[in-house]
Amino acid sequence: MASRLYQWIDQRLKLKPLEQTLLNEPIPGGASWNYVFGSATLFLFVLQALTGMFLMLYYVPATDHAYDTVQYIQQEVWGGWFVRGLHHWGASAVMMAIGLHMLQVFFDGAYKRPREMMWIVGVGLLALMLGFGFTGYLLPWDQNAYWATQVGINMVGAVPVVGDFIVRVLRGGETLGALTLSRFFAIHVAFLPAIIVFGIMLHIFILRRVGPAGPHDEHRAKLGSETFYPRQVYMDAVVMFGVFLVVAALAILVEFPLADKADPSDHSFVPVPEWYFLFHYQLLKYAPGALGPLATWLLPALFFTGLLLLPFLDRNTERRPSSRPVMLGVGLGFLVIVFTLLGISLQHLYAVPKQDPSVARGIALVDQFKCQTCHRIHGDGANIAPDLSYVADRRPNREWHLQHFKDPQSVSPGSFMPKFPLNDKQLNDLTNYMLTLKGG
Ligand code: HEC
């Protein structure tokens, strides 16, 4: 039945030659797990496109609705939190996949003649992906989105000659506002996808014309080639499935809450960029005074120019890493610097005292159960029961609080504090808040 149908279609569409190009592409040296990163990147890109389409069903790119619609997706829409989680973690995953893909190509020397064009288009694709990350970050219109974009736009403005112009085009006005959001949205869902789909097709087209690089080891390459189907297809599929499981697990397990709604007047807010911009963010902290603006744009410009010119700068035709000590050193040195900066930056981020969401919920519970009808906390509330402003100094013990909230009389005989109907999570939140109430 299926084969009859296939025949029927084949007689009309003549699929045989297509099958030849799609599946029987020879891979020199045979299939390898080293070649899965490109497919993983492509898969994640498709995942981003699909989840993005579903997010668009509810998202409204207007300053008075964006935040609410994202919150609505997160809290009300069936499965909305999951789709948003996939899109959020998928964005990070796509960056990692591109990074791994580039490292493989770099250390394998696969960018060398005759694959220079494929590398150059690939560098373009990386830049477009960063563009997706930058424009997507603003869309939820929360505090982080707003202020991180503000920082990003200021950085673009530091570029001499064209900086001002680009800023005006991106921002659509003197300040970051309604027009900026519309523009970022249009760039994110229309301009960039159109360009990148073309770029991806070009990338794959070139791959098909020049063929995959294969092993640098002559001996292995001689062992003969193998067609793309079945083993490479199988390896790619396994990796795609694995990548999906990881992204889905992150979406399910790691909460990704919105910050408060964007408040353009709150200049005290310190935004945190996405992790893949963090190392640069950290680097800027080491560039004082006049060096600052230079580091802002000159280093990224040099980096991208270097990447684009790499196949022409590195004219050594040898691909084996052991014969390319300089390039190997440059690559490893770059990785060490990036990861060191990223590490320092993450350490600083976690050192910044952030309000624990559990504590925030505890504060809300104190309000909800009107604890202040009896207790005073920092001058607010009645003075019938002990002042709680520094209660953790007197009672630093978590167990005591949990027990006390479950049943005040059990630890304070004769207490007239009511037994509140609290579930375990609420008990925990309230206790966490109590333990923050310390002097000095
Ligand atoms: C009707 C009055 C009343 C209300 C409402 C009340 N408490 Fe109490 N609370 C007391 C009294 C009386 C004590 C002292 C006796 C005891 O330890 O139970 C007390 C003690 C405490 C203590 C221990 C203080 C210490 O220094 O030992 C904590 C912590 C506390 N309450 C937290 C809360 C929280 C949180 C709420 C709201 C969820 C709340 N209370 C609501 C009357 C109240």
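The values are calculated or read from the model by the stated rules, or taken from the named source; none is laboratory data. Just so you know, these numbers come straight off a predicted model, no measurement behind them. Ideal geometry is used to build each Cβ from the backbone, glycine not excepted, and the neighbour counts take in all protein chains shown. Areas reflect the complete protein model, heavy atoms only, side chains present, ligands, DNA and RNA absent. Shrake-Rupley method; radii C 1.70, N 1.55, O 1.52, S 1.80 Å.
Key figures
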read-out: Protection proxy ranking, peptides 216-224, 373-381, average beta carbon neighbours within 10 Å, highest first; value: 373-381, 216-224
read-out: Residues Val270 and Phe205, FRET efficiency given R0 of 30 Å [Cβ-Cβ distance, rounded to 0.05]; value: 0.10
read-out: Most to least packed among 250-259, 189-198 [average Cβ atoms within 10 Å]; value: 189-198, 250-259
read-out: Length added when fully stretched, Lys222-Arg320, from 0.36 nm per residue minus Cα-Cα; value: 33.7 nm
read-out: All-pairs alpha carbon distance profile, region 30-351, 20 Å steps from 0, percent; value: 28, 58, 14, 0
read-out: Within straight-line cross-link reach of Lys425, lysines at Cα separation under 21 Å, skipping those fewer than 8 residues along the same chain; value: Lys354, Lys370, Lys406
read-out: Fluctuation leader among Ser225, Ser345, Ser358 - the chain, Gaussian network, Cα springs under 10 angstrom; value: Ser358
read-out: Within the accessible area of region 357-436 (1.4 Å probe), percent carbon and sulfur; value: 54
read-out: Phe244 - accessible surface, heavy atoms, 1.4 Å probe, Å² rounded to 10; value: 70
read-out: Protein accessible area in region 221-331, 1.4 Å probe - carbon and sulfur %; value: 72
read-out: Full-extension gain in nm, Arg394 to Phe256, via 0.36 nm per residue minus C-alpha separation; value: 46.2 nm
read-out: Full-stretch length increase - Arg113, Lys16 - with 0.36 nm per residue and alpha-carbon distance subtracted; value: 31.8 nm
read-out: Efficiency of FRET from Cβ geometry, Asp263 and Ala360, R₀ 22 Å, rounded to 0.05; value: 0.80
read-out: Residue-normalised accessible area of the chain, given per residue in Å² at a 1.4 Å probe; value: 57
read-out: Spin-label pair Tyr286/Ile166, simplified geometry with 7 Å Cα→Cβ offset, distance in nm; value: 2.3
